[in-house]
Amino acid sequence: MNLCWWGIDFDECTIDITAKENTDETWEWHIKDHEERTVPISENTTKHLIALQEKYPPGYPYVLIPKARYDFIQTERRAKGDWTYSDSRLDIYNNFYRQFGSIFRRAGIKKKGKFHDCRSTALSNWFAQGLSEYEVMRLAGHSSFETTHLFYLAIKNDYLDKARQANVGLGLKLAATENDLYNV
């Protein structure tokens with residue numbers, strides 16, 4: 001949620017995950033594990049971000065914080081000294097989950113989801129598309145494989161179906177070999 005426009009490299013299709021300093025335009029924010037990193041985004045996501053940036057007036061640094069919320073934080077909370085580091089992690093959004101829920105409904109997803117589910121999906125998809133466990137762990141910013149495995153590398157039903165099909169194929173080959181042995 002604390003992503004700023006200058007953290008996106010539109011040419012390289014990447015996002016830099018970096019800490020933020022407390023300035024007139026931005027508020028202090030630290031990465032949970034303090035490890036800055038660069039993560040890839042798709043060309044399609046990059047195009048959507050470019051379109052979104054064109055809708056924002058100049059001077060609004062945050063990508064995912066609506067103009068009205070940013071203005072409220074700047075004029076009502078920060079200007080009055082009622083803004084803490086904890087707020088930059090917890091109070092930056094207002095009605096975000098209601099809006100996120102409407103995106104789920106429009107997409108035809110009946111299950112209630114959390115914004116963090118997008119991260120889980122991305123990491124599982126990277127793994128499914130051939131990135132190694134180590135590469136996924138590093139891109140996620142995890143310090144151990146256990147975290148990546150426990151929370152992010154979901155085994156999907158299609159993996160299980162592929163494994164079943166592989167076993168069926170292996171079973172047929174074994175049966176054919178066994179028949180060949182009996183026919184000698």
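Tabulated data
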{"quantity": "Unique match (being of a type outside the set (S, T, N, Q) and under 15 Å from the mean Cα position of the chain (by Cα)) among Lys55, Lys32", "calculated": "Lys32"}
{"quantity": "Qualifying positions in region 25-41 - more than 21 Å from Thr84 (Cβ to Cβ) and part of a strand (DSSP E or B)", "calculated": "Arg37, Thr38, Val39, Pro40"}
{"quantity": "Residue that is without any contact (Cβ under 8 Å) to a residue 24 or more places away in the chain, polar (S, T, N, Q) and assigned to a helix (DSSP H, G or I), where the choices are Asn22, Asn44", "calculated": "Asn44"}
{"quantity": "Pair list, Cβ < 6 Å and 6+ apart or interchain, from region 50-75 residues that are assigned to a loop (DSSP other than H, G, I, E, B) to residues that are β-branched (Val, Ile, Thr) and surrounded by 12 or more Cβ atoms within 10 Å (Cβ to Cβ)", "calculated": "Pro61/Thr26; Ile65/Ile92"}
{"quantity": "Any hit, region 99-114, residues being modelled with pLDDT under 90, closer than 25 Å to His142 by Cα and in contact with a helix residue (DSSP H, G or I) (Cβ under 7 Å, 6 or more places away or on another chain)", "calculated": "yes"}
{"quantity": "Subset of region 133-175 that is outside any helix (DSSP H, G or I) and on the phi < 0 side of the Ramachandran plot - its residue that is modelled with the lowest pLDDT", "calculated": "Lys156"}
{"quantity": "Residues of region 105-130 satisfying the condition of being among the aromatic types (Phe, Trp, Tyr) and surrounded by 15 or more Cβ atoms within 10 Å (Cβ to Cβ)", "calculated": "Trp126, Phe127"}
{"quantity": "Search result, residues across region 98-151 that are charged (D, E, K, R) and out of contact with any Leu (no Cβ under 8 Å at 6 or more places or on another chain)", "calculated": "Arg98, Arg105, Arg106, Lys110, Lys111, Lys112, Lys114, Asp117, Arg119, Glu135, Arg138, Glu146"}
{"quantity": "Identity of the residue in region 116-132, assigned to a loop (DSSP other than H, G, I, E, B) and within 18 Å of Ser42 (Cα to Cα), that ends up farthest from the chain's Cα centre (by Cα)", "calculated": "Gly130"}
{"quantity": "Top-ranked residue in region 21-33 [being of a type outside the set (S, T, N, Q) and surrounded by 12 or more Cβ atoms within 10 Å (Cβ to Cβ); ranked as modelled with the highest pLDDT]", "calculated": "Glu25"}
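Conditions (1) surrounded by 15 or more Cβ atoms within 10 Å (Cβ to Cβ); (2) under 22 Å from Ile17 (Cα atoms); (3) touching an Asp or Glu at 6+ places or on another chain (Cβ under 9 Å), marked per residue:
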| residue | (1), (2), (3) |
| --- | --- |
| Glu35 | no, yes, no |
| Thr38 | no, yes, yes |
| Glu43 | no, yes, no |
| His48 | no, yes, no |
| Pro57 | no, no, no |
| Ala68 | no, no, no |
| Phe72 | no, no, no |
| Ala79 | no, no, no |
| Tyr97 | no, no, no |
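The values are calculated or read from the model by the stated rules, or taken from the named source; none is laboratory data. Quick caveat, the model's predicted, so the values are computed rather than measured. Every residue, glycine among them, receives a Cβ derived from its backbone with ideal geometry; neighbour counts consider all protein chains shown.
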